[in-house]
Each structure stands twice: as structure tokens, then as C-alpha cells.
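Novice: Sharing a structure, written as C-alpha cells. Questions coming.
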Amino acid sequence: MILHLSDLHFGTERPECLKAIQQFCQSHPLEAVVVSGDLTQRARFGQFFDCKKFLDQLNTPYMVIPGNHDIPLYHLWNRFFNPFTRYQIFFGELEPVFETENFYLIGVNSIRRRYHTKGHLSLEQIQRIDMKLAQAPVSKLKIIVSHQPFYVPSQNKRGFKDSPLMAKIALQAWAEHGLFGVLHGHLHQPATYDLNQIFELGLDHPVYDVHAGTSASNRLHQNEPNSFNLIDATGNISQYLFDEMTQSFVFKADLPKK
Ligand SMILES: [Fe+2]
């Protein structure tokens, strides 16, 4: 099983959540921890340092991708000429491929200097990921990890604004390879949707858009609790919420697969 964390936003992190994540990792047989972006609040050196230290101390293999908060906001020179320098000092690759016993995970960097909040995918990126998916072992759950969600329901006041440009085109190509789902963060609101139905892909299996809430930040969406997702080898997706009383993450529900 894999633990899906997101939007840790070091700089605004809650130590009690970090401790609870650590305890959860110690008591569950995880194949990997996946963090779907926004590791930091302002892409500061110290924030990346603290995040890396925290992830290293989990003693579980982990994979991260950048979010829009992981490029500098105010330092314009770095923002335009070296947006990912600090990220890469600590985490290296922007689009890692990570294989475990039951999962084949591909990171996709949707963050651009200009479309940093909304996100963007390029044709080159879509084709490259397509080739990786074509070569993935058929026995493993194939998962893409990308910061902004591919689907946001219209009742959400942010609407489609923060879904990456070209997401639907990417999905039409990638889903052909038996893709299980796409993991995201960004909205600080956990949810799961079936993209096969929503985008009418015509496949005989669901393709899940799995949104994680913020797992450790005090920047909560409408006071929703901190949360994360757990995905097992059968494809079951469970949502856990932080319980202030017990200071631990507790099972809430298998996420509705709408
Ligand atoms: Fe974000």
C-alpha cells in the first residue's frame, strides 16, 4: 500500500500532524510515501531542508513532485531563470518514476513560471509519459502524480480554473494504458472522481482523480481537518482525517468513487 500525502507547506506545518504521520508510517506496512506537491509555503531553503529532513526520517521510500508553492514567488530573478533550483538541490528529479512491489508511479511536473497556479502540460511531456506507461509492468497499478487536479466539480468556487491546460488531452492518451488514477493536491480538499465517466473516455474501467487534502499545514480549506489517503494493492482508496482529540490520523471512509 502507498500513503498519499500532499500540500505539507513547510513554513506553516503543524508539528502534531508531522508526528502523527511518522507514527502512521511506523505502524503500517507501506511500500512508499507519495507527496503530490507544495512541499513548502514559499520555496525557501530552510523550508525545503525541513521537509527533506522530515521525509528522510519516515524510514519509508518516498517520491515527491513540485507544486506551485515550490517555486519562488517574490524573488523574480530566480522565479524566471531558476524556478526549480532549490527544489532540485533537495529532491533532484522533477519527474521521477518510482516502482514498488505493487505500484508503478510516474511524477509529472505541471508547474510553469507563468501558469504556476493553474498548471500546464506540454505535448512533449504527454508523449514522454505515454511511452513510460506503455512500458510499465501490466501487473502493477499505474499511477500518475501531478499537483493540480484534472477535474474540479463546478460547485467548487474555484471551478475549472486550477486544472492544468492540456489535462484532458493527456488523459485521453494515458488512460489507454490501463491507468489506475492520477494523484493530486492543491485544493486542500480530499475527493475522488472517475475521470472515465466525467470525460467520457469510453474505457471499460474507471480512472480515478484522487485529491488529497493538506496533510500537515495550518492553511486549512474552510476548516476541514488535515488529511491523507491510503491506497492498497487492490485499488481501494481510504481517507484518513486528523483527530485533534487523539492527535492521530483516523480512518474516515473509503472515498466515494463518483
Ligand atoms: Fe498548490
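The values are calculated or read from the model by the stated rules, or taken from the named source; none is laboratory data. Note that this is a predicted model, so its numbers are computed, not measured. Note that each Cβ is placed from the backbone with ideal geometry, even for glycine, and that neighbours are counted across all protein chains shown. Calculation scope for accessible area: heavy atoms of the full protein, side chains included, ligands and nucleic acids excluded. Shrake-Rupley method; radii C 1.70, N 1.55, O 1.52, S 1.80 Å.
Novice: Which one of the conditions (1) away from the ligand (no atom under 15 Å from the Cβ); (2) open to solvent by 30 Å² or more (accessible area, probe 1.4 Å); (3) modelled with pLDDT under 90 does Lys161 fail to meet, given that it meets all the rest?
Specialist: The single condition Lys161 does not satisfy is (1).
Novice: Looking only at the stretch 14-42, how many residues end up being within 16 Å of the ligand (Cβ to nearest atom) and either under 26 Å from Asp209 (Cβ atoms) or assigned to a helix (DSSP H, G or I) (or both)? I'd like the intermediate steps shown before the answer.
Specialist: Here is the first cut: in the stretch 14-42, the residues within 16 Å of the ligand (Cβ to nearest atom) are 34-42.
Now restrict to residues that are either under 26 Å from Asp209 (Cβ atoms) or assigned to a helix (DSSP H, G or I) (or both): 34-41.
Going through the stretch 14-42 one residue at a time, the tally reaches 8.
Novice: Let me ask another. Which of the residues belonging to the stretch 10-38 are within 13 Å of the chain's Cα centre (by Cα) and under 20 Å from Gln189 (Cβ atoms)?
Specialist: Matches in the stretch 10-38: Val34, Val35, Ser36, Gly37, Asp38.
Novice: Still on this structure, I have one more. May I ask you to list the residues in the stretch 100-137 that are under 16 Å from the mean Cα position of the chain (by Cα) and farther than 16 Å from Gly67 by Cα? Working first, answer last.
Specialist: So the first thing to find is which residues in the stretch 100-137 are under 16 Å from the mean Cα position of the chain (by Cα), and the list is 103-111, 116-121.
Phe103, Tyr104, Leu105, listed by residue number.
Novice: Can you tell me which residues in the stretch 43-64 are within 16 Å of the ligand (Cβ to nearest atom) and either closer than 20 Å to Asn102 by Cα or among the polar types (S, T, N, Q) (or both)?
Specialist: Hits for the stretch 43-64 are Gln47, Val64.
Novice: Name the pairs: first residue in the stretch 112-126 and of a type in the set (Val, Ile, Thr), second residue at pLDDT below 85 and open to solvent by 50 Å² or more (accessible area, probe 1.4 Å), Cβ to Cβ under 9 Å, at least 6 apart or on different chains?
Specialist: Between residues of the stretch 112-126 that are of a type in the set (Val, Ile, Thr) and residues that are at pLDDT below 85 and open to solvent by 50 Å² or more (accessible area, probe 1.4 Å), the close pairs are Thr117/Lys161.
Novice: Among the residues that make up the stretch 197-213, is at least one of them among the hydroxyl-bearing types (Ser, Thr, Tyr), closer than 20 Å to Val34 by Cβ and within 15 Å of the chain's Cα centre (by Cα)?
Specialist: Step one: of the stretch 197-213, the residues among the hydroxyl-bearing types (Ser, Thr, Tyr) are 208.
Imposing the further condition that a residue be closer than 20 Å to Val34 by Cβ reduces the set to 208.
Going one step further and asking which of them are within 15 Å of the chain's Cα centre (by Cα), we end up with 208.
Scanning the stretch 197-213 turns up at least one residue that is among the hydroxyl-bearing types (Ser, Thr, Tyr), closer than 20 Å to Val34 by Cβ and within 15 Å of the chain's Cα centre (by Cα).
Novice: Here is a follow-up. Which condition from (1) modelled with pLDDT of 95 or more; (2) out of contact with any helix residue (DSSP H, G or I) (no Cβ under 7 Å at 6 or more places or on another chain); (3) within 18 Å of Leu39 (Cα to Cα) is the one that Arg112 breaks?
Specialist: Arg112 satisfies every listed condition except (1).
Novice: Somewhere in the stretch 65-79, is a residue touching a Cys at 6+ places or on another chain (Cβ under 7 Å) and either surrounded by fewer than 22 Cβ atoms within 10 Å (Cβ to Cβ) or at pLDDT 95 or above (or both)?
Specialist: Here is the first cut: in the stretch 65-79, the ones touching a Cys at 6+ places or on another chain (Cβ under 7 Å) are none.
Scanning the stretch 65-79 turns up no residue that is touching a Cys at 6+ places or on another chain (Cβ under 7 Å) and either surrounded by fewer than 22 Cβ atoms within 10 Å (Cβ to Cβ) or at pLDDT 95 or above (or both).
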